[in-house]
Amino acid sequence: TTPVSARRRSTLAAVSSERSCTNPLRRIHSSLYVVVILLPDSGFRYLSKTYSDEWMRRNGFVQDRSELTAANVLRRRAETGVVVAVAPRDTLADAIARMTEHGISQLPVIDEGEPVGSLTERSVLQRLIEDPAARDAAVAETMGDPLPVVPANLHLDHLSAYLDGPAGAVLVHASETSAGGDGAPVDGYFILTRSDLIAALAEASRAK
């Protein structure tokens with residue numbers, strides 16, 4: 001759709017412009033061609049229509065799943081606990097122990113309440129293959145980029161774009177949600193993964 005095209009290609013174009021791009025490209029099967037495409041119309045005049053999620057849902061162009069936000073997905077999850085994390089000063093051995101204990105494949109790295117990095121099974125394994133003694137090294141030496149932090153009211157359409165990233169997970173401020181159970185404020189973060197979103201979508205479909 002046009003809004004998706006805008007997010008992925010950074011173009012504020014109208015539907016006619018999107019078709020001008022996609023139709024020729026479908027006919028080209030070689031990377032040897034240089035293609036020049038003129039976009040006939042701007043999307044500025046359609047901000048209240050095709051660029052409006054509400055207008056698109058109201059007119060039947062997209063399925064109405066407005067209730068699915070990051071907070072809703074977390075509430076649908078069977079078990080919701082504040083994220084298991086490590087600090088930059090912890091060792092890889094500490095991180096491996098937490099992954100094993102909780103049966104998880106990735107860990108946010110949090111320092112003084114702020115995400116500063118992340119660890120995955122793949123990155124840990126690669127580091128240990130390269131240097132078995134790295135078990136005693138600090139997490140900070142192996143960690144990758146931090147997981148994105150998203151607002152609890154982030155809608156499904158935008159949430160899925162974040163989850164398309166390499167990590168396949170985001171963090172949500174626990175204080176913005178009632179996923180902790182009793183509605184009381186909770187410190188820290190919740191982690192939300194692709195599998196959580198898939199499970200929430202499946203449950204929403206069964207409820208219809």
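All of the numbers you see were taken from the coordinates with simple rules; none came from a lab. Note that the structure is predicted; figures quoted are calculated from it, not measured. All Cβ positions, glycine included, derive from the backbone under ideal geometry; neighbour counts span all protein chains shown.
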Approximate spin-label separation S175-D145, in nm, with each point projected 7 Å along Cα-to-Cβ: 2.6
Peptide ranges 198-204, 99-105, 145-151 listed from the most packed, as the mean C-beta count within 10 angstrom indicates: 145-151, 198-204, 99-105
Amide H partners (placed H, <5 Å) of D41, local residues excluded: A14, S17
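Using per-residue counts of other Cβ atoms within 10 Å, averaged over each peptide, order 166-172, 68-74, 111-117 from highest down. Show your work: numbers first, answer last.
Details: 166-172: 19.9, 68-74: 22.3, 111-117: 13.4.
So the order, starting with the most tightly packed, is 68-74, 166-172, 111-117.
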Efficiency of FRET from Cβ geometry, Y33 and W55, R₀ 41 Å, rounded to 0.05: 0.65
